[in-house]
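Here's the structure, in structure tokens; my notes come after.
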Amino acid sequence: KKIVGVMLCCMSIPLLAHAQGNDSGNSFSKAKKILHKQVHADHRITFYAECEYNAKKRVDWGSCGLTPRKQPKRAARVEWEHVMPAWEFGHQMQCWHKSTYINRKGVEKKIGARKNCIKTEPAFKRMESDMHNLRPAVGELNGDRSNYRFGMVNGEPRKYGQSVDFEVDFKQRVAEPAPNVRGDIARTYFYMEKAYNVRIGKKQRRLFNVWDKQDPVDAWELERMCRVAAKQGNENTFVGLCQ
């Protein structure tokens, strides 16, 4: 138990010493509102499927040829996806591995990993609400991606319609995005690593290095980054610099 405790403690240390991350003070809820009402107000296109959506966050399936795989209600709405999942940066922190916390009255309460980190770890809250890591996604795709790693999936099953180039292998726990957003994903991971010292595995890094080169920064990625920087106070320098 002592060994495990030391390991968990050491896990959390690098993440606390963030240097260039989100210091806006925004909550996750506030960050989503800023993204929806300001950053994406004139660019309502989902990240993975390129579907249009309206001010009420309702997805237009016809705009992208989307067919729900299993959950039409969830596929009809937009959700804000963590490109690097909360699990991925959270499980490297000590708070993620605790099932209880002590409330203000000194009483021990049971709680889930993510909720515990929100309550007890300021570094986690900064990462959770970092708008550079949040993208609008069709709800069902967000749910199906879950916390799976990004990678390549054999074949092209096109479970969300022939026009939607997004694949999920549930057995292997892998999600394959379309080629035109792979660089965006890579540069988001690089940003999270640099800003918060989140570890990226060697295999993932090799893949992201390839994706970064194959899918260079486009006009919208840079524009979006600068809009986020104006609201949050820091840039993703892997995308570029703002004037």
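Within the stretch 184-224, which residues are in a helix (DSSP H, G or I), of a type in the set (K, R) and touching a residue at least 40 places away in the same chain (Cβ under 8 Å)? Steps first, answer last, please.
Start the filter on the stretch 184-224 by keeping residues that are in a helix (DSSP H, G or I), which leaves 184-196, 202-214, 219-224.
Those still in the list that are of a type in the set (K, R) too: 187, 194, 202-203, 205-206, 213, 224.
Correct list: R187, K194, R224.
Go through the stretch 171-180 residue by residue and tally those that are part of a loop (DSSP other than H, G, I, E, B) and surrounded by fewer than 18 Cβ atoms within 10 Å (Cβ to Cβ).
To start, the set of residues in the stretch 171-180 that are part of a loop (DSSP other than H, G, I, E, B) comprises 171-173, 177-178.
If we keep only those that are surrounded by fewer than 18 Cβ atoms within 10 Å (Cβ to Cβ) too, we end up with 171-173, 178.
Matching residues across the stretch 171-180 total 4.
How do the pairs read when you match residues in the stretch 46-73 that are free of Cβ contacts under 8 Å to residues at least 24 places away in the same chain and more than 12 Å from G161 (Cα to Cα) with residues anywhere that are open to solvent by 70 Å² or more (accessible area, probe 1.4 Å) and in a loop (DSSP other than H, G, I, E, B), using Cβ under 7 Å and keeping only pairs 6 or more apart or on different chains?
Close Cβ pairs satisfying both conditions: E52/R44; N54/R44.
Can you name every residue in the stretch 118-135 that is in contact with an Asp or Glu (Cβ under 9 Å, 6 or more places away or on another chain) and more than 21 Å from A230 (Cβ to Cβ)?
The one that is in contact with an Asp or Glu (Cβ under 9 Å, 6 or more places away or on another chain) and more than 21 Å from A230 (Cβ to Cβ): I118.
Any idea which of (1) modelled with pLDDT of 95 or more; (2) open to solvent by less than 20 Å² (accessible area, probe 1.4 Å); (3) not charged (D, E, K, R) is the one S12 doesn't satisfy?
Just one mismatch for S12, condition (1).
Could you grab me the full set of residues in the stretch 131-170 that are in a strand (DSSP E or B) and either modelled with pLDDT under 95 or charged (D, E, K, R) (or both)? I'd like the intermediate steps shown before the answer.
From the stretch 131-170, those in a strand (DSSP E or B) are 134-138, 149-150, 167-169; that's our starting set.
If the condition is that a residue be in a strand (DSSP E or B) and either modelled with pLDDT under 95 or charged (D, E, K, R) (or both), then R135, R149, E167, D169 are the ones that fit.
Say we look at the stretch 57-109 and pick out the residues that are open to solvent by 50 Å² or more (accessible area, probe 1.4 Å) and aliphatic (A, V, I, L, M); which of these is farthest from the chain's Cα centre (by Cα)?
V107
Among the residues of the stretch 154-170, which ones are more than 20 Å from the chain's Cα centre (by Cα) and either of a type in the set (G, A, S) or under 25 Å from K73 (Cβ atoms) (or both)? Spell out how you get there, then give the answer.
Taking the stretch 154-170 first, the residues more than 20 Å from the chain's Cα centre (by Cα) are 154-163.
Within the stretch 154-170, G155, P157, R158, K159, Y160, G161, Q162, S163 qualify.
Condition test on R227, is it crowded, with 19+ Cβ neighbours inside 10 Å, assigned to a helix (DSSP H, G or I), touching a residue at least 12 places away in the same chain (Cβ under 8 Å) and more than 17 Å from the chain's Cα centre (by Cα)? Before the answer, list the steps.
Details: crowded, with 19+ Cβ neighbours inside 10 Å: yes; assigned to a helix (DSSP H, G or I): yes; touching a residue at least 12 places away in the same chain (Cβ under 8 Å): yes; more than 17 Å from the chain's Cα centre (by Cα): yes.
It is true that R227 is crowded, with 19+ Cβ neighbours inside 10 Å, assigned to a helix (DSSP H, G or I), touching a residue at least 12 places away in the same chain (Cβ under 8 Å) and more than 17 Å from the chain's Cα centre (by Cα).
The values are calculated or read from the model by the stated rules, or taken from the named source; none is laboratory data. Predicted model, so just to flag it, every value in this text is computed and none were measured. With ideal geometry, Cβ positions are generated from the backbone for all residues, glycine too; neighbour counts draw on all protein chains shown. When the accessible area is computed, the model is the full protein with side chains, heavy atoms only, and any ligands, DNA or RNA have been set aside. Shrake-Rupley method; radii C 1.70, N 1.55, O 1.52, S 1.80 Å.
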